[in-house]
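Notes follow the structure.
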Amino acid sequence: MADLFNVKNVSISIRRPPQNVYRFASNGENLPRWATGLGQTVRQVGADWILEGPLGRIKVLFAQTNDFGVLDHDVTLESGVTVHNPFRVVPNGLGSIVIFTVFQLPGVSDQKFEQDTGWVEKDLRTLRTLLES
């Protein structure tokens with residue numbers, strides 16, 4: 001049996017219907033507006049979104065459009081390493097809750113893992129601000 005990674009589920013409620021949150025967050029053109037660690041510029045190439053930013057040139061591929069709020073996406077770094085990111089939009093009363101699972105991958109220190117989860121929390125707060133304004 002494989003070892004398990006340390007994980008943290010980062011979640012935030014958004015006062016918008018799940019369909020609105022899903023539509024906005026799944027549109028790769030919006031990534032630079034709220035997913036600040038991925039890049040400042042974005043272009044679409046086939047099903048992939050290519051971003052230029054702090055991590056260099058990266059490729060983001062979202063799960064196929066679905067009615068379940070699944071926004072899972074793979075981020076492929078310039079090195080060729082691909083990281084799978086589970087991400088969900090779930091109904092919460094009249095609004096939504098978004099849940100992003102952060103894995104502490106091998107070689108990532110506890111301090112870096114806390115920085116990464118903090119960055120995700122900041123990005124989800126930005127997403128909420130954009131959608132609620």
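One table, with the values for the structure above:
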item: Scope the stretch 1-19; condition polar (S, T, N, Q) and in contact with a Leu (Cβ under 7 Å, 6 or more places away or on another chain); matching residues; result: none
item: Some residue of the stretch 22-42 being out of contact with any Pro (no Cβ under 8 Å at 6 or more places or on another chain) and more than 18 Å from ASP123 (Cβ to Cβ); result: no
item: Checklist (1) part of a loop (DSSP other than H, G, I, E, B); (2) surrounded by fewer than 13 Cβ atoms within 10 Å (Cβ to Cβ) applied to VAL108, failing item; result: (2)
item: Residue list for the stretch 80-132, filter: charged (D, E, K, R) and under 11 Å from the mean Cα position of the chain (by Cα); result: ARG88, GLU121, ASP123
item: Qualifying residues in the stretch 117-130 (those that are hydrophobic (A, V, I, L, M, F, W, C) and surrounded by fewer than 19 Cβ atoms within 10 Å (Cβ to Cβ)) - the one modelled with the lowest pLDDT; result: TRP119
item: Residue match in the stretch 75-92 (condition: of a type in the set (D, E, K, R) and exposed (fewer than 14 other Cβ atoms within 10 Å of the Cβ)); result: yes
item: 2 or more residues among the β-branched types (Val, Ile, Thr) and closer than 20 Å to PHE103 by Cα: qualifying strands (runs of 3 or more DSSP E) within the stretch 1-77; result: 6-14, 56-62, 73-76
item: Selection from the stretch 34-52 of residues that are surrounded by 15 or more Cβ atoms within 10 Å (Cβ to Cβ) and on the phi < 0 side of the Ramachandran plot; result: TRP34, ALA35, THR36, GLY37, LEU38, VAL42, ASP48, TRP49, ILE50, LEU51, GLU52
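Per-residue answers, yes or no, for (1) under 22 Å from ARG128 (Cα atoms); (2) basic (Lys, Arg); (3) touching a residue at least 40 places away in the same chain (Cβ under 8 Å):
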| site | (1), (2), (3) |
| --- | --- |
| PRO17 | yes, no, yes |
| ARG43 | no, yes, no |
| ILE58 | no, no, no |
| GLN64 | no, no, no |
| ASP72 | yes, no, no |
| VAL83 | no, no, no |
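The values are calculated or read from the model by the stated rules, or taken from the named source; none is laboratory data. Quick caveat, the model's predicted, so the values are computed rather than measured. All Cβ positions, glycine included, derive from the backbone under ideal geometry; neighbour counts span all protein chains shown.
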